[in-house]
Amino acid sequence: MFLRRRALPLLACALPVAAAAQEARTIRVVVPYPPGGSNDIIARFFAEALREELGQAVIVENRAGANGNVGAESVARGVADGTALLLTAPSPLAINQSLHRSLPYDPARDFAPVALVASVPLVLMVNPALPARDVAGLVAHAKAQPGRLSFGSSGIGSTNHLAGEMFRAMAGIEMTHVPYRGAAPAMTDLVAGQIQVMFDNMPAVLPQVREGRVRALAVAGAARAAALPEVPTVAESGLPGFEAAAWFGLAAPAATPAATRQRLEAASRAVLARPAFRERLAGAGAEPGALFGEGFADFLVSERAKWGRVVRDSGATAD
């Protein structure tokens, strides 16, 4: 009887110790694309600030493949205790289900949206060897050499692929799509002249533009970007109505306990309110997000509908 009475306080003491140990575990922020691209850049900014906010080890893990599906599946099927999170561009959560007959995960059911971390405009750029100095020049060059130009992307169905398809259709030109396993290797080939044209997210584009390795012709947002104020929009360059942007969102496995999700959401709110974090985003040409939990979930519903229409109209498929 004495032994049983002693076990209860010992167990009670063990519970807060176990909870503290759980919080002390390393958080893995999975980026479903290779290092060096915009998703990776934003994730590393966020992971550093989250580490400071939580007082807990946070690392970025790149798990590329299948336009984000490999990394997304690893999180969806992994431990649901808040130590494995997905920080991704739109494809795994809002586009890929329209491209594939089936996915190894369900974007709507297998994830709990935590926060919209950042949004960025896409930039239309070319290799400097191309004679085009603006959108009109690119369209004229493409029409003079039908099918000779190649445009790269981070994979079939990525936002930069679909932006390229919209541009091709609206401009009435022929270009050959070259998909890569991430934006970073596509950028490498653009700089080297293996491909001539590409849309990509502002954070990855800015260093290349500033160093003269690529030439920015237009931004794909509704307005000019503060980071490249001298560069016009695609819409004001002769293709009215053209608009494409990307975002980066944080999600946890759906089975993650509510208390853990709330803790992550609160920490994300604090990170996005940090002046230093917002300055780093601005320096990369990105804007902080302002959607959390259910608000981010509602946003994903609208994004799936929007990109689903673009996929159908372009005829893109990954099967």
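The values are calculated or read from the model by the stated rules, or taken from the named source; none is laboratory data. Since the model is a prediction, treat every value here as computed from it, not as a measurement. Positions of Cβ are generated from backbone atoms using ideal geometry, with glycine treated the same way; all protein chains shown enter the neighbour counts. The accessibility values were calculated without ligands, DNA or RNA, using every heavy atom of the protein model including side chains. Shrake-Rupley method; radii C 1.70, N 1.55, O 1.52, S 1.80 Å.
Each residue in segment 277-300 was checked for being exposed (fewer than 13 other Cβ atoms within 10 Å of the Cβ) and closer than 24 Å to Asp106 by Cα, and 2 of them qualify.
A Cβ distance below 8 Å, combined with a sequence gap of six or more or placement on separate chains, defines the contacts here; from segment 274-301, residues that are part of a helix (DSSP H, G or I) reach residues that are of a type in the set (D, E, K, R) in the pairs Leu281/Glu287. Any residue at all in segment 34-46 that is out of contact with any Gly (no Cβ under 9 Å at 6 or more places or on another chain) and without any contact (Cβ under 8 Å) to a residue 24 or more places away in the chain? Yes; the residues of segment 34-46 include at least one that is out of contact with any Gly (no Cβ under 9 Å at 6 or more places or on another chain) and without any contact (Cβ under 8 Å) to a residue 24 or more places away in the chain. Every residue in segment 225-258 that is closer than 22 Å to Phe299 by Cα and of a type in the set (Gly, Ala, Ser), please. Answer for segment 225-258, where residues must be closer than 22 Å to Phe299 by Cα and of a type in the set (Gly, Ala, Ser): Gly241, Ala244, Ala245, Ala246, Gly249, Ala251, Ala252, Ala254, Ala255, Ala258.
Here is the figure for segment 302-313: residues that are touching a residue at least 12 places away in the same chain (Cβ under 8 Å) and either among the hydrophobic types (A, V, I, L, M, F, W, C) or open to solvent by less than 10 Å² (accessible area, probe 1.4 Å) (or both) total 4. Within the bounds of segment 195-208, is there any residue that is assigned to a loop (DSSP other than H, G, I, E, B) and in contact (Cβ under 8 Å) with a residue 40 or more places away in the chain? Taking every residue of segment 195-208 in turn, at least one turns out to be assigned to a loop (DSSP other than H, G, I, E, B) and in contact (Cβ under 8 Å) with a residue 40 or more places away in the chain.
Scanning segment 142-155 turns up at least one residue that is open to solvent by 50 Å² or more (accessible area, probe 1.4 Å), modelled with pLDDT under 95 and touching an Asp or Glu at 6+ places or on another chain (Cβ under 6 Å). Taken together, Arg224, Arg215 contain a single residue that is in contact with a strand residue (DSSP E or B) (Cβ under 7 Å, 6 or more places away or on another chain) and without any contact (Cβ under 8 Å) to a residue 12 or more places away in the chain, which is Arg224. Arg28: at pLDDT 95 or above, of a type in the set (Lys, Arg) and assigned to a strand (DSSP E or B), yes or no? Taking the combined requirement at face value, the residue satisfies it.
Does any residue of segment 238-251 turn out to be part of a helix (DSSP H, G or I) and either aliphatic (A, V, I, L, M) or at pLDDT 95 or above (or both)? For segment 238-251, residues part of a helix (DSSP H, G or I) and either aliphatic (A, V, I, L, M) or at pLDDT 95 or above (or both): absent.
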